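Q: Starting off with a structure, shown below.
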Number of protein chains: 4
Amino acid sequence: MIIVCKPLVSEEKIDGLISLLNEQGIQTHKSTGLMSTVIGLVGDTSKVDIESLEALDITDKVRRVSEPYKLANRKFHNEPTVVDVNGAKIGGKYFSIIAGPCSVESEEQVVSCAKAIKAAGGTFLRGGAFKPRTSPYVFRGLKEKGLELLLIAKQETGLPIVTEIMSLEHMHLFDDVDVIQVGARNMQNFELLSELGKCGKPILLKRGLANTIEEWLMSAEYIMSGGNADVILCERGIRTFETATRNTLDISAVPVLRQITHLPIVIDPSHATGKSALIHPLCKASVAVGGDGLMIEVHPQPEKALCDGAQSITPQQFASIVDDVRALCNIENKIL
Amino acid sequence: MIIVCKPLVSEEKIDGLISLLNEQGIQTHKSTGLMSTVIGLVGDTSKVDIESLEALDITDKVRRVSEPYKLANRKFHNEPTVVDVNGAKIGGKYFSIIAGPCSVESEEQVVSCAKAIKAAGGTFLRGGAFKPRTSPYVFRGLKEKGLELLLIAKQETGLPIVTEIMSLEHMHLFDDVDVIQVGARNMQNFELLSELGKCGKPILLKRGLANTIEEWLMSAEYIMSGGNADVILCERGIRTFETATRNTLDISAVPVLRQITHLPIVIDPSHATGKSALIHPLCKASVAVGGDGLMIEVHPQPEKALCDGAQSITPQQFASIVDDVRALCNIENKIL
Amino acid sequence: MIIVCKPLVSEEKIDGLISLLNEQGIQTHKSTGLMSTVIGLVGDTSKVDIESLEALDITDKVRRVSEPYKLANRKFHNEPTVVDVNGAKIGGKYFSIIAGPCSVESEEQVVSCAKAIKAAGGTFLRGGAFKPRTSPYVFRGLKEKGLELLLIAKQETGLPIVTEIMSLEHMHLFDDVDVIQVGARNMQNFELLSELGKCGKPILLKRGLANTIEEWLMSAEYIMSGGNADVILCERGIRTFETATRNTLDISAVPVLRQITHLPIVIDPSHATGKSALIHPLCKASVAVGGDGLMIEVHPQPEKALCDGAQSITPQQFASIVDDVRALCNIENKIL
Amino acid sequence: MIIVCKPLVSEEKIDGLISLLNEQGIQTHKSTGLMSTVIGLVGDTSKVDIESLEALDITDKVRRVSEPYKLANRKFHNEPTVVDVNGAKIGGKYFSIIAGPCSVESEEQVVSCAKAIKAAGGTFLRGGAFKPRTSPYVFRGLKEKGLELLLIAKQETGLPIVTEIMSLEHMHLFDDVDVIQVGARNMQNFELLSELGKCGKPILLKRGLANTIEEWLMSAEYIMSGGNADVILCERGIRTFETATRNTLDISAVPVLRQITHLPIVIDPSHATGKSALIHPLCKASVAVGGDGLMIEVHPQPEKALCDGAQSITPQQFASIVDDVRALCNIENKIL
């Protein structure tokens, strides 16, 4: 971390700040320029509060030069993390396809969907039991009943389950869920993240709509600092001025993350675009760019889906996507 | 709501959709153009799922023409809502100034701050006991202890308390709080909003970093549809590409909201900009633009603040702001 | 186009508007609902000024339902446009790789770079002679001299030239250039676009930093309406809140455009990200997502580049990229 | 400027870079930390190419600590610039109101509008003769004829004229124009900016839709470095995800700019919002926040305006705005 002092600040004040920092166990280097003095902070600055430094009357700017995340940082853990869910693996050389309906609607729907996904080569079943909806007046999921139906589908197909938690209060209902999903709107629900750090289950952490990659890794850090190393990152689009797609899929996030973290990265083109016609090409791009997995909404009858039908694809389309993904995985030396 | 059908769709399919809609109690008007047919939906369409309609294979586009919010809508409630907290009023002709430290740190700090705010003319005391922080490694608030200290400050000054709730699980701790704040990151924590609809206390609902004005009103609608009509909206900046300020204060949101909702609107320039030097001019702009109140971070010693010091102002600066705000309130016929 | 009237507007006023529209040769359909009347405009509404309609005191909202672009619209021209530059083709089944230095610096630099590109399998040479730079104090290109050096490189290698025009006044210097590039900052320089519509050369039109896909197609329409059908669209990233990359590559734009336009689409990962380490994976994603070509910055010695060195790759890295792109083109049935 | 080297880079390489910088006349300070070495660049770094430094293989990050603009920088010119146009002044203690129709349509329209503006207390007449329009199919201004009509209105009222230039090629037509406006889409048309630096007339420089405050000042620097010190900055909204307004007025830009530049700052709420109902409150906010002037679209019959009618206000509404602006100018000690 670097503190750039304002021009013409007295040496005395600068030395006062340096003493203050040293007292807190932070080593410093002072560099006096023509216009201003720069103080370099050495060592672990993850606990230094950048805003407090900026508030000082002698400070012009504070610039962080090392990353504030440690456990998620590739610098300290070079090997890719492979999350292993009863043999279904994500990360490193393992590619995974998580698929299923946006909302769980009925046993018939979720079981037939799971069978189709299994048959096509999908590796995880996803399905929403608790649904975050912008309006209080529309369908918000089958809740506990939805979780039960997912478990039936798991029994029928053997596919591990990924489903979203919306509140700490529901944690006890997730005992048999294989991977707990944190939705985009909860990416900075810090109380929830802290608790998930203790739950002993893999967490699929979606990126928030307006969150930077660094903030996303800091949220992963919340979970990991609680003792849970199995975090899967899921890029699902960010909010921009463009309205042709629901959000803008930030595909560059994949190679950016690859350089700075060891955590596996999954891409969700369904929520990113909100348009089923775009899913197939974006799935292919996700493999080619080096992703570790996909999350895709599949619905036996998308036109009858209770929510997010516009972004769902049919089991037939899904099978065709898996074929193309498999061909690309072969080129990329990924195991699907 | 308007459904634009794809070109060259058969009459039969269009009539099938119209029948389906009519069965759900929705009246329709069909308008056949040269290129495509348009179906107008009449009446209350707040429960119609726009995405399901978009998913139909005959649909090109769906456009909403009436607002999805009802209780927050000025069309159905023309008089401005005045939230009255033991005589401290926000909304209509009443202007309010909510001020206090970002984080509650000690009894001495919060009480001295509260006294200074009271003396300067502030009308509410704010202070964070539970603090959402991006990093798991920094100070996250005094929690229960912080709430206790706020209540002491309330006793000493008579100022009603505004403080943030971060999780449903803490609800029982907020019994003596006057106004419960929902932070930007929780604006779409729908489980929390639903619960706050039943709590019987005024809610200050901050706008999410990447949320539209319509989504914000839908979150107000969540609270209101639970039976709680006392929602105060708080604009606190949105996330854009500009980095000169922490966020971009969307001041136009105030007159936009004034046209479409009856709820009071408060502006928080501290979080919007993250820079104390910008607070004073933005407070003045907030009155002139027609806001109902301000939320300002004040700290006896901003340079020693444990968090967000960069955006805090001193009690002296605060008093000067209140003077200017009062002068502008007189021009605007607002009672401070 | 649909005009939603305000509630409770008199029939007389609505009929007045309808008469006005009819006088302008626009057919209308009136649909009277419970809350408001909707007027549908039928036929070619591309000359209707949406803002003028919105200004009427009886108008609540105006919604466009058909695209404002005609010549670029796939609805009226279903076959993909193939731009043929002396046998080098972009579009349809032809994939192209446009590569070269950000700035032309010397004959040695550009010729050696062109030879390396040719040897590796690149199909066009790009290089900046006129450089748009944010600061007036840094290198702004060799200008005329730069164009001369590009032509020498073309003679040496046979690679057609793509280079940027910054001002109408330089048009006469571009006689021997094969493809004229319009930079992101000039995407809405309408005077320039109009003139390029008459120049008889293919135009590579970069997307503006903050322009929607629709605005981009409207700029293509400017060129096409002047009589020039050879427009190549180039996605090069949009401006968002994310700072990990210089811009955010909007890869979804490729399949979105594929549905609505017949024009070829090229992707420039160099400018989109500003980071050479991200180019290779994004090139692969660009083929997999269905793009028609790539634009890549290659520099013999990136660390000595006068501008944009951070995003340049070496000829060796480029050769490796071309190999991977070729393998993916085979899968995609594209001819490189 | 600060260069953070990658971890574990050899001393030899670092010293090589330092020598290279020193050869270019740049003084350096080396600071060796536990994890990495930091090189501070001292003195004038405005000509240093930040991207070239970032491209070096030993570089991790480069951070600018001093502003790249000099002539526009308040550090070197503390007194506010007052632009004086034949006695009509903008900047310092002088507040100005620039008003007029979006497009010049007829002599009757522009003269009657000018008279109304003059009568109400407006100080400049604006009007578009050359109009940038997204579509090639709609009205693009009366061009030369429009400039003539503006000059007639100037003769009739004495109001100085502000009008937009769209291309270098039209420069000779602007001889009698008082203030030349550079539109948002041309903010980074660097060829145009350079030429305007030599024209000897005040320039009103609108902020680009997606440009940072720093880029905006760099564009001012282009004009100023050509010898033209009379630049007026005009904030007119930036592009964000919010669609309730056409753009998002970045009102915080005013106090931000006040701290870093001496140039006058004008606000254009008409283009920022695109909605006439929002103009009045935002004009008031613009004075209260410390702006130096306003740019407002006024049209005798907004509902008949050929373009941008939605954002125009009537002469009656304008007179009411001027009254309120005047009252606020009195409080702010500004002379209107």
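The values are calculated or read from the model by the stated rules, or taken from the named source; none is laboratory data. Small disclaimer: the values here were computed from a predicted structure and weren't measured. Every residue, glycine among them, receives a Cβ derived from its backbone with ideal geometry; neighbour counts consider all protein chains shown.
Q: Give the number of residues within segment D:201-229 that are out of contact with any Gly (no Cβ under 9 Å at 6 or more places or on another chain) and not small (Gly, Ala, Ser).
A: Total satisfying the criteria: 11.
Q: Write out, first by first residue and then by second, each pair whose Cβ atoms fall under 8 Å of each other, whose residues are 6+ apart or on separate chains, and whose first residue, in segment B:185-199, is within 11 Å of A:Leu192 (Cβ to Cβ) while the second is part of a helix (DSSP H, G or I) and charged (D, E, K, R).
A: Hits for this filter: B:Asn189/A:Arg185; B:Glu191/A:Glu169.
Q: Also, I was wondering about something else. Residues in segment C:286-304: is at least one under 30 Å from C:Leu71 (Cβ atoms), within 14 Å of chain D (Cβ to nearest Cβ) and crowded, with 24+ Cβ neighbours inside 10 Å?
A: no
Q: Right, another one. Look through segment B:165-217, keep the residues that are under 18 Å from A:Arg239 (Cα atoms) and in contact with a Ser or Thr (Cβ under 7 Å, 6 or more places away or on another chain), and return whichever of them is farthest from the other protein chains (Cβ to nearest Cβ).
A: B:Met187
Q: Mind checking which helices (runs of 4 or more DSSP H) fall wholly inside segment C:178-261 and carry at least 2 residues that are β-branched (Val, Ile, Thr) and modelled with pLDDT of 95 or more?
A: The qualifying helices (runs of 4 or more DSSP H) are C:213-225, C:253-260.
Q: Another one. Inspect segment B:317-336 for any residue being in contact with a Phe, Trp or Tyr (Cβ under 7 Å, 6 or more places away or on another chain), away from chain A (no Cβ under 14 Å), surrounded by fewer than 24 Cβ atoms within 10 Å (Cβ to Cβ) and aliphatic (A, V, I, L, M) and give the result as yes or no.
A: yes
Every residue, every condition in (1) under 30 Å from D:Gly227 (Cβ atoms); (2) in contact (Cβ under 8 Å) with a residue 24 or more places away in the chain; (3) assigned by TED's automatic domain parsing to the domain that holds C:Glu79, yes or no:
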residue	(1), (2), (3)
C:Gly121	no, yes, yes
C:Arg133	yes, yes, yes
C:Pro136	yes, no, yes
C:Glu156	no, yes, yes
C:Ile165	yes, yes, yes
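Q: Just checking, which of B:Ile223, B:Ile232, B:Ile180 is in contact with a strand residue (DSSP E or B) (Cβ under 9 Å, 6 or more places away or on another chain) and surrounded by fewer than 24 Cβ atoms within 10 Å (Cβ to Cβ)?
A: B:Ile180 is the lone residue from the list that is in contact with a strand residue (DSSP E or B) (Cβ under 9 Å, 6 or more places away or on another chain) and surrounded by fewer than 24 Cβ atoms within 10 Å (Cβ to Cβ).
Q: Among D:Val83, D:Val48, which is the only one that is closer than 17 Å to D:Pro160 by Cβ and out of contact with any helix residue (DSSP H, G or I) (no Cβ under 8 Å at 6 or more places or on another chain)? Spell out how you get there, then give the answer.
A: On the way: D:Val48 fails: closer than 17 Å to D:Pro160 by Cβ.
Checking each option against the conditions leaves just D:Val83.
Results for (1) assigned by TED's automatic domain parsing to the domain that holds C:Gln311; (2) of a type outside the set (Phe, Trp, Tyr); (3) within 12 Å of C:Ile296 (Cβ to Cβ), shown as yes or no for each residue.
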residue: C:Glu79; (1), (2), (3): yes, yes, no
residue: C:Asn86; (1), (2), (3): yes, yes, no
residue: C:Gly92; (1), (2), (3): yes, yes, no
residue: C:Phe95; (1), (2), (3): yes, no, no
residue: C:Cys102; (1), (2), (3): yes, yes, yes
residue: C:Gln109; (1), (2), (3): yes, yes, no
residue: C:Lys118; (1), (2), (3): yes, yes, no
residue: C:Leu125; (1), (2), (3): yes, yes, yes
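Q: Among the numbered criteria (1) on the phi > 0 side of the Ramachandran plot; (2) within 14 Å of chain B (Cβ to nearest Cβ), which single criterion is violated by A:Pro132?
A: (1)
Q: Still on this structure: Where residues in segment B:235-265 are touching a His at 6+ places or on another chain (Cβ under 8 Å) and charged (D, E, K, R), which of them is surrounded by the most Cβ atoms within 10 Å (Cβ to Cβ)?
A: Ranking the qualifying residues of segment B:235-265, first place goes to B:Arg236.
Q: Is there any pair with a first residue in segment C:68-93 that is over 20 Å from C:Ser219 (Cα atoms) and a second that is at pLDDT below 95 and buried (at least 16 other Cβ atoms within 10 Å of the Cβ) whose Cβ atoms are under 7 Å apart and which are 6 or more apart or on different chains, and what are they?
A: none
Q: Just the residues that are within 25 Å of A:Pro202 (Cβ to Cβ) and within 14 Å of chain B (Cβ to nearest Cβ), please, taken from segment A:105-129.
A: A:Gly128, A:Ala129
Q: Quick one: in segment B:258-282, of everything that is more than 9 Å from chain D (Cβ to nearest Cβ) and of a type outside the set (Val, Ile, Thr), which residue is farthest from B:Phe76 (Cα to Cα)?
A: Result: B:Ser276.
Q: Go through segment A:137-163 and report how many residues are buried (at least 22 other Cβ atoms within 10 Å of the Cβ) and within 14 Å of another protein chain (Cβ to nearest Cβ).
A: Final tally of qualifying residues: 1.
Q: So is A:Gly40 modelled with pLDDT of 75 or more and more than 31 Å from the chain's Cα centre (by Cα) or not?
A: So A:Gly40 passes the test.
Q: Filter segment A:62-88 down to the residues that are surrounded by 16 or more Cβ atoms within 10 Å (Cβ to Cβ) and out of contact with any strand residue (DSSP E or B) (no Cβ under 7 Å at 6 or more places or on another chain) and list them by number.
A: Of everything in segment A:62-88, those that are surrounded by 16 or more Cβ atoms within 10 Å (Cβ to Cβ) and out of contact with any strand residue (DSSP E or B) (no Cβ under 7 Å at 6 or more places or on another chain) turn out to be A:Arg64, A:Ser66, A:Pro68, A:Tyr69, A:Lys70, A:Leu71.
Q: OK, next. Being more than 7 Å from chain D (Cβ to nearest Cβ), in contact with a Lys or Arg (Cβ under 8 Å, 6 or more places away or on another chain) and under 27 Å from B:Lys70 (Cα atoms) is the filter here; which residues of segment B:229-257 pass it?
A: B:Asp230, B:Leu233, B:Cys234, B:Glu235, B:Arg236, B:Gly237, B:Ala253
Q: Of B:Pro264, B:Pro255, B:Pro300, which residue is in contact with an Asp or Glu (Cβ under 7 Å, 6 or more places away or on another chain) and of a type outside the set (A, V, I, L, M)?
A: B:Pro264
Q: Quick test for you: out of A:Ile39, A:Ile2, A:Ile50, pick the one residue that is surrounded by fewer than 20 Cβ atoms within 10 Å (Cβ to Cβ) and among the aliphatic types (A, V, I, L, M).
A: Answer to the check: A:Ile50.
Q: Go through the residues of segment B:27-36 one by one and say whether even a single one is outside the structural domain of B:Leu257 (by TED's automatic domain parsing) and touching a residue at least 24 places away in the same chain (Cβ under 8 Å).
A: For segment B:27-36, residues outside the structural domain of B:Leu257 (by TED's automatic domain parsing) and touching a residue at least 24 places away in the same chain (Cβ under 8 Å): present.
Q: Of all residues in segment B:56-104, how many are within 30 Å of A:Gly274 (Cα to Cα) and at pLDDT below 90?
A: Taking segment B:56-104 first, the residues within 30 Å of A:Gly274 (Cα to Cα) are B:56-73.
Subset that is at pLDDT below 90: B:56-68.
Adding up the residues that qualify gives 13.
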